1. Collect the residues in the stretch 40-71 that are part of a strand (DSSP E or B) and over 11 Å from the mean Cα position of the chain (by Cα), keeping them in residue-number order.
2. Quick check on the stretch 122-133. Is at least one of its residues in contact with a strand residue (DSSP E or B) (Cβ under 9 Å, 6 or more places away or on another chain) and outside any strand (DSSP E or B)?
3. Do the conditions hold for residue 120, that is, is it under 22 Å from residue 55 (Cα atoms) and crowded, with 21+ Cβ neighbours inside 10 Å?
4. Can you name every residue in the stretch 210-224 that is surrounded by fewer than 19 Cβ atoms within 10 Å (Cβ to Cβ) and either within 17 Å of residue 29 (Cβ to Cβ) or at pLDDT 85 or above (or both)?
5. If you go through the stretch 72-117 one residue at a time, how many are open to solvent by less than 70 Å² (accessible area, probe 1.4 Å) and assigned to a strand (DSSP E or B)?
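The values are calculated or read from the model by the stated rules, or taken from the named source; none is laboratory data. In this text, all values refer to a predicted model and were calculated from it rather than measured experimentally. Neighbour counts are summed over all protein chains in view; Cβ atoms, including those assigned to glycine, are modelled from backbone coordinates with ideal geometry. Quick note on the areas: whole protein, heavy atoms, side chains included, nothing else; ligands and nucleic acids left out. Shrake-Rupley method; radii C 1.70, N 1.55, O 1.52, S 1.80 Å.
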Amino acid sequence: MDQQLLAKTFVELADNLVADFDLIDFLRLLTDRCVGMLDASAAGVLLADRDGKLRVMAASDEQVRLLELFQLQNDEGPCLECFRTGTPVIVPDLGTETARWPRFAVAAQRGGFGAVQALPMRLRDEVVGALNLFRTTPGPFDPAYTPVAQALADVATISLLQQRTLHRGTVLNEQLQMALNSRVLIEQAKGKLAERQGIDMEQAFTALRGYARAHNRRLVDVARSFIDGSESLAGLGS
């Protein structure tokens, strides 16, 4: 494990005291670093909206995003179980869980995943979502990595709850709802850019995110401008 990158990640996840805090980019950082540092092939984050329903907020790639959506649509899977119980769900071999999650287990294996662990995003008794880590091959998860993954999820949760405290009169669920609305815009921009440039959805997201960071702008603002054509975004196919 890259100890310097791990330390940097903890700092980045804790550093949310900025006016233009971008929740979606923040959660994508969490998934990307989990894949980059831990024994995971892909990662996803699901958070509860104002009605307590889980929503896909970030994924390290398009394939796992679709699998997370499938999990929610079929109301079964490790993330749902983790969120409802507030405890980790660790499955070294998805092939043994077809009775437990008949649709999800099959879909996950068809998608190329053999193992999964879901970790609660919680602070004390408050659970706001779950972090899913997928591996392509079955087998036990490295016991040294799971506590680190949980620590990353915990720090991210503290940052989310801290945002609620900073924005007096604005509850966390309202912030998440705004992020959900932003996610819709970003998905539309991804689709438009992918079609225009003949690239896949993950490449489109990377291009949008790269442009936003290079120009010190929020990802959702870039997505909105690209969709409505309100300004020229040089180098982004507009």
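1. Across the stretch 40-71, the qualifying residues are 48, 54.
2. No, there is no match, as no residue in the stretch 122-133 is in contact with a strand residue (DSSP E or B) (Cβ under 9 Å, 6 or more places away or on another chain) and outside any strand (DSSP E or B).
3. Answer is yes for this residue.
4. Result: 210, 213, 214, 216, 217, 218, 221, 224.
5. Qualifying residue count, the stretch 72-117: 5.
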